[in-house]
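Working notes for the structure below.
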Amino acid sequence: MSSSSLSSSLCCFPPPSPSSPNLKNNDLLIHNFYTPLELKQLHARLIKTNTPLSILPLTKVASVCALSPSFSYAHQIFSHLLETPQTSIWNSCLIRFAEGDSPSHALLLFYQMRLFDVLPDTFTCSFVLKACLKLSDVVNGKIIHGIFQKLGFGSNLFLQNMTLNLYGLCGEMGDAMLLFEKMPQRDVVTWNIMIAQLVKRGDIDGAYCFFLRMPDKNVRSWTSMISGFVQCGKPKEAIDLFMKLQDEAAS
């Protein structure tokens, strides 16, 4: 189907009667497409049966369009389904991919979303960062970090902590340190991420420096540091720190 014929065929149709057999038959199909080819076939059927495209579930369409090699086709579908871009529609698909078995699809969908000029929000960025964490994908993580900073979300503590955790998880401790020092605000989660990642890398002295600088500690801070000393063969330091924890709890 050519772009011109597709555009002309996407015009608004008068809604069929609720009792229309075509609508009833199509209702069985609109939730059962899983690939770009199946979407195209369903699209052709809706046109043939004079059924409005508005009956298509938008989140499902977005999910399938993320996998489509044809950007122009996906864009035309969306431009006729939506009068204005709806970030929430994309977010509902992103979280499903990010938290499911296909985090790489969340990245594909995010880049499609950017091509459609849909403006990401903080939820969008958090879902894509979650996908990067599942994939240990620091390259795309750095791209997302740059994007949300340009969008004005650079001071969002939740996004900053997710990025910090990704850098540490992927062994980019230099970038993690740089980000940590530039963060306008930090919470106990921020400090715990740095301690845990340094312990994981065997840098117990670096972790302890962060522990000592930490303004407010929680149980996780103490246990990470104590277990870190044990793992690094420093039982005396582990016991001493445990005793300090006991004193803190008693006071």
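The values are calculated or read from the model by the stated rules, or taken from the named source; none is laboratory data. Small disclaimer: the values here were computed from a predicted structure and weren't measured. Here Cβ is always computed from backbone atoms with ideal geometry, including for glycine, and neighbour counts include all displayed protein chains.
Quick check on region 158-183: of everything there that is not in a helix (DSSP H, G or I) and not charged (D, E, K, R), which residue is farthest from Pro120 (Cα to Cα)? Of everything passing the filter in region 158-183, Gly171 is farthest from Pro120 (Cα to Cα). Do we have any residue at all in region 71-93 that's of a type in the set (Phe, Trp, Tyr), at pLDDT below 85 and surrounded by 19 or more Cβ atoms within 10 Å (Cβ to Cβ)? Scanning region 71-93, I find at least one residue that is of a type in the set (Phe, Trp, Tyr), at pLDDT below 85 and surrounded by 19 or more Cβ atoms within 10 Å (Cβ to Cβ), so the answer is yes. When region 105-127 is examined, which residues are found to be among the aromatic types (Phe, Trp, Tyr) and buried (at least 19 other Cβ atoms within 10 Å of the Cβ)? Those that are among the aromatic types (Phe, Trp, Tyr) and buried (at least 19 other Cβ atoms within 10 Å of the Cβ): Phe110, Phe127. Screening region 184-250 for helices (runs of 4 or more DSSP H) wholly inside it with 2 or more residues that are aliphatic (A, V, I, L, M) and under 24 Å from Leu164 (Cα atoms) returns the ranges 188-200, 204-213, 219-231.
Screening Phe158 against (1) modelled with pLDDT of 95 or more; (2) out of contact with any Ser or Thr (no Cβ under 7 Å at 6 or more places or on another chain) leaves a single unmet condition, (2).
Residues of region 178-229 that are within 30 Å of Gly152 (Cα to Cα) and among the hydroxyl-bearing types (Ser, Thr, Tyr): Thr190 alone. Scanning region 178-232 for residues that are hydroxyl-bearing (Ser, Thr, Tyr) and over 24 Å from Asp247 (Cβ atoms) turns up just one, Thr190.
Residues that are buried (at least 17 other Cβ atoms within 10 Å of the Cβ) and of a type in the set (Gly, Ala, Ser) within region 94-103 comprise Ala98, Ser102, listed in sequence order. Looking at Leu46, Leu53, Leu28, Leu6, just one residue is over 30 Å from Leu135 (Cβ atoms), crowded, with 17+ Cβ neighbours inside 10 Å and at pLDDT below 60, and that residue is Leu6. Against the list (1) surrounded by 16 or more Cβ atoms within 10 Å (Cβ to Cβ); (2) not in a helix (DSSP H, G or I), the condition Ser155 fails is (1).
Scanning region 133-153 for residues that are in contact with a Pro (Cβ under 9 Å, 6 or more places away or on another chain) and under 13 Å from Leu169 (Cα atoms) yields Leu133, Lys134, Leu135, Asp137.
Yes or no, residue by residue, for (1) touching a helix residue (DSSP H, G or I) at 6+ places or on another chain (Cβ under 6 Å); (2) charged (D, E, K, R); (3) assigned by TED's automatic domain parsing to the domain that holds Lys234; (4) under 22 Å from Ala62 (Cβ atoms):
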position	(1), (2), (3), (4)
Leu129	yes, no, no, yes
Gly171	no, no, no, no
Val199	yes, no, yes, no
Phe210	yes, no, yes, no
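Give region 184-202 a look and list any residue that's more than 19 Å from Thr122 (Cβ to Cβ) and surrounded by fewer than 17 Cβ atoms within 10 Å (Cβ to Cβ), or say none. Once the filter is applied, which keeps residues that are more than 19 Å from Thr122 (Cβ to Cβ) and surrounded by fewer than 17 Cβ atoms within 10 Å (Cβ to Cβ), region 184-202 yields Val188, Lys200, Arg201, Gly202.
Determine whether region 177-189 contains at least one residue that is touching a helix residue (DSSP H, G or I) at 6+ places or on another chain (Cβ under 7 Å), under 27 Å from Gly100 (Cα atoms), of a type outside the set (Val, Ile, Thr) and assigned by TED's automatic domain parsing to the domain that holds Ser104. No, region 177-189 has no match at all.
Thr190 falls short on exactly one of the conditions (1) among the hydroxyl-bearing types (Ser, Thr, Tyr); (2) within 35 Å of the chain's Cα centre (by Cα); (3) modelled with pLDDT under 95, and that condition is (3). Considering each residue of region 128-141 in turn, at least one proves to be in a loop (DSSP other than H, G, I, E, B) and crowded, with 19+ Cβ neighbours inside 10 Å. Scanning region 36-48 for residues that are in contact with a Pro (Cβ under 8 Å, 6 or more places away or on another chain) and either of a type in the set (Phe, Trp, Tyr) or more than 28 Å from Ser104 (Cα to Cα) (or both) yields one hit, Leu46.
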